[in-house]
Amino acid sequence: MFIISAIEPVKTDSDYININDPHHFRDFCQLLYKYLNLYLPLYNNELVLLCIGTDRATGDSLGPLVGYKLKDITENNIHVFGTLDHPVHAKNLVQTLSYVKLLHPNALIISIDACLGALEKVDSVSIGTGPIRPGAGLKKDLPAVGDLHIIGIVNVSTSMNMAVLQNTRLSLVMNMAELISSGLRHCISLYNYQVGIKKKNMILSHLIKVVQQSRIRNIFIK
């Protein structure tokens, strides 16, 4: 969990999606797919979902809930770290990052975490470029993680952030986890399908060229 400053101006661009908006799933998927389409080709189409947080605090359980909902994902190029059974949190984040870099050194990493922020941003999910710094909201010195990030603003930042996390509504966190996990499933499946189509078209194009070249050689031989 980290903090978006309560005095930070509210952004009006499309990277924040309010989960109470009737079109929140469509807007989330459109934004997420745009980022996947831009960045995954640069990382050999390999993706690590790093779901950060702990189920010991309701407000900080967003990451593990998303990981729990995605742990059975079957795509070979997708790797999920951080679930309810095996959370990624302050005590094991550095070790987990080393493990991820060892196993998947060229993968795109999307960090998924909860955060506290200004009242206007509560109930919103944001997708953006660059890393996040987990634990900043609780004054923990942890490394920045992620090439992209997905964050859920679960409550208001105050001088008593731990108490705020403990008193965050579970229904809000569950709704955010459902949006993020369902959106990731949808966009990953769509992206992999499009990549498969492109590969098939490349193979077909290559075969057509081979056949054409063969016919040309046969004409000259005759």
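Here, each number is a calculation from the coordinates, and none is a lab measurement. Quick caveat, the model's predicted, so the values are computed rather than measured. Quick reminder, even Gly has a Cβ in these numbers, built from the backbone with ideal geometry, and neighbours come from all protein chains shown.
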Whole-Hz Karplus couplings 3J(HN,Hα) for the range 178-183, θ = phi - 60° and coefficients 6.51, -1.76, 1.60, Gly and Pro as x, run 5, 4, 5, 5, 5, x
I need the phi-derived Karplus couplings for the range 34-50: 6.51 cos²θ - 1.76 cosθ + 1.60, θ = phi - 60°, integer Hz, Gly and Pro marked x. 4, 5, 4, 5, 6, 9, 4, x, 6, 10, 6, 6, 9, 10, 10, 9, 9
Highest first, please rank the peptides 145-154, 51-60, 98-107, 119-128 by the mean number of other Cβ atoms sitting within 10 Å of their residues. 145-154, 51-60, 119-128, 98-107
Figure the gain on full extension for Tyr43 and Asp85 (residue separation times 0.36 nm, minus the Cα-Cα span) and round it to one decimal in nm. 12.3 nm
Given unit charges at Cβ for Lys, Arg (+) and Asp, Glu (-), the dipole magnitude of the range 2-197 about its Cα centre in debye, nearest 20, is 300 debye
Compute the distance in nm between two label points, each set 7 Å from the Cα along the Cα-to-Cβ direction, one at Met174 and one at His186. 2.1 nm
Computed FRET efficiency, Cβ-Cβ of Gln194 and Thr74, R0 22 Å: what is it to the nearest 0.05? 0.80
Kirkwood Rh and Cα Rg combined as Rg/Rh, the range 2-197: 0.94
